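Just so it is clear, none of the values below were taken in a lab; they were calculated from the coordinates. Note that the structure is a prediction, hence the values are computed from the model and not measured. All Cβ positions, even for glycine, are placed from backbone atoms using ideal geometry, and neighbour counts span all protein chains on display.
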Amino acid sequence: MGLQDEIAKLVNSESAAHKRMVDYVLRQISADRPLSEILEDPYLTNRLTHMDRRAILEEPAVIEAVSDDVLNDMRRELEETLGGATHA
């Protein structure tokens, strides 16, 4: 399964854990924390794989909450980190 397929599977998931993490990211964005800092927060890194964190960047609410430039930078950074490893 390709990277885009894995991300789509996570984004379309009804997982309560995934939704809680998205809610956490949105709360942190509304508190004016930089997205790069949020995605490296131990609360997320201890609970999510790199793939899970990459999938959060495709959530419609997260996309709406941050600028395109910030989002594209974070996508690129997490995809470079994935480079074959899918666990944090």
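How large is ³J(HN,Hα), in whole Hz, for each residue of the range 38-51 in order, when computed from phi with the Karplus curve 6.51 cos²θ - 1.76 cosθ + 1.60 and θ = phi - 60°, using x for Gly and Pro?
Each residue of the range 38-51 in turn: 4, 5, 9, 4, x, 4, 7, 5, 7, 10, 10, 7, 4, 4 Hz.
Just subtract the alpha-carbon distance of Arg33 and Gln4 from 0.36 nm times their residue separation and send over the number in nm, one decimal.
Values: separation 29, 0.36 × 29 = 10.44 nm, distance 2.70 nm.
That works out to 7.7 nm of additional length.
Taking the range 25-75, which GluC sites (Glu not before Pro) meet the DSSP loop condition and have no more than 15 other C-beta atoms within 10 Å? Don't skip to the answer; put the middle values down first.
Numbers: sites: Glu37, Glu40, Glu58, Glu64; in loops: Glu40, Glu58.
Listed in order of number, the matching sites are Glu40.
If you average 1/r across every pair of different Cα atoms in the range 3-82 and take the reciprocal, what Kirkwood value do you get, in Å?
Final number for the Kirkwood radius of the range 3-82 is 12.5 Å.
Neighbour counts of other C-beta atoms within 10 Å: give me Asp52, Asp41 arranged from fewest to most.
Asp41, Asp52
For the chain, what is the mean residue ellipticity at 222 nm derived from helices alone (per DSSP H run of n ≥ 4: -39500 (n - 2.57); sum divided by total residues; nearest 500 deg cm²/dmol)?
Rounded to the nearest 500, it is -19500 deg cm²/dmol.
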